[in-house]
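Just so you know, all these numbers are worked out from the coordinates, no wet-lab data involved. Note that the structure is a prediction, hence the values are computed from the model and not measured. Please note: Cβ atoms are built from the backbone with ideal geometry, for glycine as well, and neighbour counts cover all protein chains shown.
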Amino acid sequence: MGTVLPLAHQRRNAGPQAYQYRGIFHTEDSNQYFSYPLIIPSGTQQVVIDLAYTSNNGSNVLGLQVFDRNGFRGRGRSLEAERDWHRVAVVIAAGCRTKGAVSGEIAPGVWTIEIDTYSIKNCCAFELETAIYRGRPVPEPGGELEQDLPLQLPYTQRPGWYRGDLHVHSDESDGALDARDLLRLAVIRGLDFLAITDHNVHTAWQQFTPGLPEFCLPLNGIELSTYYGHGNALGVSEWVDWRIGLGKYGVNEMIRQVQELGGIFSINHPRTGKLPQDHACWRAEEVDYSLVGAVEIWNAPVYSNGTGANQQSRRFWDQLLNQGYRITGIGGSDAHYLEGSRQPLGIPLTYVYARSLSQTGIITGIKRGNVFMTAGPIVDFTATTNSGAKAMVGEELLLSKRQELIWLQVNVKDAPVGSSVRLVKNGEPWMSEAVSHDGLFSIAWCDKDALGKPDGLTWYRVEVYAPEQANSPGGDGLLAITNPIYCTATVSWIA
Ligand SMILES: [Zn+2]
Ligand SMILES: [Zn+2]
């Protein structure tokens, strides 16, 4: 079957809970029924289901229906088409509905959304999104909604966690696949964004065909592969001179050029290869680290010493953080798709909290450090002081006095039982707890002495490790890692 149906299960900090499925139907998928589960939590007041698909001048026709545990609840109504995108939607609430739907109680449990593929004459891309509203007022009983559906902003314009791969090679340099195929693969794997970062060229964008970027945002980038190490220029659409050592051109000039073009500079796989001579290993000297935006602390192992390289890269990052630099940790598969390569796209995934799914949104989110990386578990890490200040990853907590308590709250989803959740303080393991059950695992630690000494720097991050070291993509046990939450004093104390 030609169809692969990825699930992007989005978490939202505010607003409705949303599920999203995206994929592509092909001709051979015509006249079939495709089901997608939908978990309705108790207390749900309203369900909005929205299907958008490429109609190709009417030659593709999809239908939409929804079933609760007891049976049929509604069939989608066509909305006005936007360019080549057709949309059908269903709204169900206690006292209101779209025509073709049954209003009434929203019973919790697993519902089923079904797409019927009435006709697929051409490749048909689709996006199915569901919003579940809880505990908020619904329209007056009896009110029927037709064209005036309370649909949300398009998915891509909402703030939220978006996930993607920040380091991939196409056949514009030494990768095997072309940029279109990489983007298709990213759509299939449910990635929201993909940075194609070819060695010293920025030319992949010329391969993009209209349509696919609607499903996965391509980020412009280049892997600046110098004689003194590699670094990604992310979010730049122009060529950046990588030729450090040519005339007076130095590493800091190169990084500044990336900044001036609106991008962010990431040091790639800083400890891959062997110091002192390996080109891939970061060995540039006199680097102004205040210019560096990110470090790739999780690179899918390319070389035989890949595992150790990632651990050493994290130590390199720790040293910079302990010196007071706030540099964002990011991940990248470095996928080349060469014969026998071990780097599938999307492992690890980098999650970025962004105002919108746009190049500016993602780059800004990375600059802010609102980022975690994962090969599975979803990690939500926040810190709160006893005076009520709160921070997420990448943010700073200002402490007004030395003895202020800090609560470090961690929620982990989809971690295997027996894996361990580790809290790291200033680069050292500080607390650890074994995951004891499936589903959502929560733990809170309290630090009574966050800033041990006057003018001390303190940062915390969370790491998740597999029960057995070998059962992780990098072979080093790491399943997920967050960026730090930082603590600083608002006033100097008297020691
Ligand atoms: Zn590289
Ligand atoms: Zn690379």
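General remarks:
- Efficiency of FRET between Thr360 and Lys121 - r from beta-carbon atoms, R0 25 angstrom, step 0.05: 0.10
- Modelled spin labels at Asp84 and Glu339, positioned 7 Å past Cα toward Cβ, are 3.7 nm from each other.
- Projecting the Cα atoms of Pro484, Ala450, Gly474 onto the dipole axis of the stretch 375-495, where Lys and Arg carry +1 and Asp and Glu carry -1 at the beta carbon, places Ala450 farthest toward the positive end.
- Here's the list of aspartates and glutamates a cross-link from Lys248 could span, going by alpha-carbon distance under 20 Å and ignoring same-chain residues fewer than 8 apart: Glu260, Glu285, Glu286, Asp288.
- The aspartates and glutamates within cross-link reach of Lys99, meaning a Cα-to-Cα straight distance under 20 Å and a gap of 8 or more places when in the same chain, are Asp50, Asp68, Glu80, Glu114, Asp116, Glu129, Glu140, Glu144, Glu146, Asp148.
- Relative packing of peptides 480-486, 49-55 - highest average C-beta neighbours within 10 Å first: 480-486, 49-55
- Put simply, the C-alpha atoms of the chain give a gyration tensor, and the ellipsoid matching it has half-axes of 41, 30, 20 Å, longest first.
- The value given for the stretch 7-136 is a Kirkwood hydrodynamic radius of 15.0 Å, derived from the mean inverse Cα-Cα separation.
- Normalised contact order of the chain, rounded percent, pairs of Cα under 8 Å and 6 or more residues apart: 11
- Applying a DSSP loop filter and a limit of 15 other Cβ atoms within 10 Å to the GluC sites (Glu not before Pro) in the stretch 162-250 leaves Glu238.
- Size of charge dipole - the chain - debye, nearest 20, with Cβ of Lys, Arg +1 and Asp, Glu -1, no other charges: 1080
- Number of Lys pairs (Cα under 15 Å; 8 or more positions apart or on different chains) in the stretch 399-458: 4
- Taking amide H atoms as placed 1.01 Å from N in the peptide plane, the amide H of Arg73 lies under 5 Å from those of Val66, Phe67, Asp68, each 5 or more residues away in sequence or on another chain.
- Rounded to the nearest 500, the helix-only mean residue ellipticity at 222 nm of the chain stands at -3000 deg cm²/dmol, with each DSSP H run of n ≥ 4 adding -39,500 (n - 2.57).
- Farthest toward the positive end of the dipole of the chain, out of Trp242, Ala186, Ile264, is the Cα of Ile264, where the dipole comes from beta carbon charges about the Cα centre.
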